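The values are calculated or read from the model by the stated rules, or taken from the named source; none is laboratory data. Every value quoted in this text rests on a predicted model; they were computed, and no experiment measured them. With ideal geometry, Cβ positions are generated from the backbone for all residues, glycine too; neighbour counts draw on all protein chains shown. To get the accessible areas, we keep the full protein, side chains included, count just its heavy atoms, and leave off ligands, DNA and RNA. Shrake-Rupley method; radii C 1.70, N 1.55, O 1.52, S 1.80 Å.
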Amino acid sequence: MVLAMLFTSGCRTLINNNEDGRPTIGLAVANQQADFFNLIRQAVQKAGEEQGFRVVVADAKGDGDTQVSQIQNFITQEVDAIIYIPAGATAATVPVRDANKAGIPIVAVDRNPAGAPADSFIATDSIAAARELGEYVIKLTGGEGSVGVIQGQIGTTPEQARDQGFTEALSTAPGLREVARQASQQWSQSEGFDITTDMLQAHPEITVLFGRADGLALGAASAARGSNRPDIKVVGFDGDIAGLQAVVDGDLAATITQPTFKIGGLAVDTVAALLAGQQVPAEQLQEGVLTTQDNAAQFLVEHP
């Protein structure tokens, strides 16, 4: 019904002047090198195809300025809607404002630009999930120990939310305290390794490491092994394939599995609703799943 309404109302000229009757979604991905974003891309492409959309992907490779140019290109080519995963906090508001001026609906995924929110924001409820992860760390450690945090990009929605939830949990366990934190730029495994190596030299008392993303946590776990610290408990966040396998193997004590395929499909559903002139929620938060050796293997078989 949604597509019928779109077709009868008429579509813009599609990218490369290829008019095949399908509305076009421009998918702006922060960094296709990250498993998390790749899973969302796959979900959007699958759901888009099933619902009769053309999906055109632009990969910012982690660079905010590149992404601004890519979305400007989408606008110039008159895509029908944009699904936007911001590459960073610095220039994140510009594409939303430009799309609004052009009358193009825009749905933000994972990160919502401060000061210029999209028509709808879809993400994991990272505050609740990180709080649950913190509660698991308290249970795992008996509420005693020293925590080192490898942060994601400062100023981004997921970093802020994961910080809030985890900190709230730790506040209930006075014997488990954060002693060090350092931010990454790209949420990458190599950053996690380098940051953790330096952190453990400065704070050998650390017994728990929280990598705000699975890539950071995997780097942290590798650095802990390299420092001959098998006693350190390392936890992550995302539920990437590599992160899930590390939980199965015991290299990570836990992670939070984000429902990437559900998020990607919901983003396409939201675009369809917006193009049909329907009201959509300003925020659509999904539940993350605490993942340990008890349930990690099932998500390797079928990711939510």
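Report whether or not residue 111 is under 30 Å from residue 200 (Cβ atoms), charged (D, E, K, R) and crowded, with 24+ Cβ neighbours inside 10 Å. Working first, answer last.
On the way: under 30 Å from residue 200 (Cβ atoms): yes; charged (D, E, K, R): yes; crowded, with 24+ Cβ neighbours inside 10 Å: yes.
Taking the combined requirement at face value, the residue satisfies it.
Here the stretch 89-108 is the region considered, the condition is being in contact with a helix residue (DSSP H, G or I) (Cβ under 9 Å, 6 or more places away or on another chain), over 17 Å from residue 29 (Cβ atoms) and not in a helix (DSSP H, G or I), and the residue that is most open to solvent (accessible area, probe 1.4 Å) is 90.
Candidates 115, 148, 155: the one that is in contact (Cβ under 8 Å) with a residue 40 or more places away in the chain and on the phi > 0 side of the Ramachandran plot is 155.
Can you name the residue in the stretch 284-301 that is touching an Asp or Glu at 6+ places or on another chain (Cβ under 7 Å) and in a strand (DSSP E or B) and is also most open to solvent (accessible area, probe 1.4 Å) among such residues? My answer is 285. Of everything in the stretch 262-278 that is under 17 Å from residue 79 (Cβ atoms) and among the β-branched types (Val, Ile, Thr), the residue that is surrounded by the most Cβ atoms within 10 Å (Cβ to Cβ) is 271. Of everything in the stretch 59-102, what is among the hydroxyl-bearing types (Ser, Thr, Tyr) and touching a residue at least 24 places away in the same chain (Cβ under 8 Å)? Give them in sequence order. Listed by number, the residues that qualify are 84, 90.
From 281, 304, 259, which residue is touching a residue at least 24 places away in the same chain (Cβ under 8 Å), open to solvent by 50 Å² or more (accessible area, probe 1.4 Å) and under 22 Å from the mean Cα position of the chain (by Cα)? Matching residue, one of 281, 304, 259: 281.
Please report, ordered by residue number, the strands (runs of 3 or more DSSP E) entirely within the stretch 23-88 with at least 2 residues that are hydrophobic (A, V, I, L, M, F, W, C), within 19 Å of the chain's Cα centre (by Cα) and buried (at least 20 other Cβ atoms within 10 Å of the Cβ). Give the steps one after another, and end with the answer.
Values: elements: 24-29, 54-59, 81-84.
It comes to 24-29, 81-84.
List pairs: first residue in the stretch 187-215 and in contact (Cβ under 8 Å) with a residue 12 or more places away in the chain and of a type in the set (Val, Ile, Thr), second residue part of a loop (DSSP other than H, G, I, E, B) and open to solvent by less than 10 Å² (accessible area, probe 1.4 Å) anywhere in the structure, Cβ distance under 7 angstrom, at least six positions apart or on different chains. Qualifying pairs under 7 Å: 195/184.
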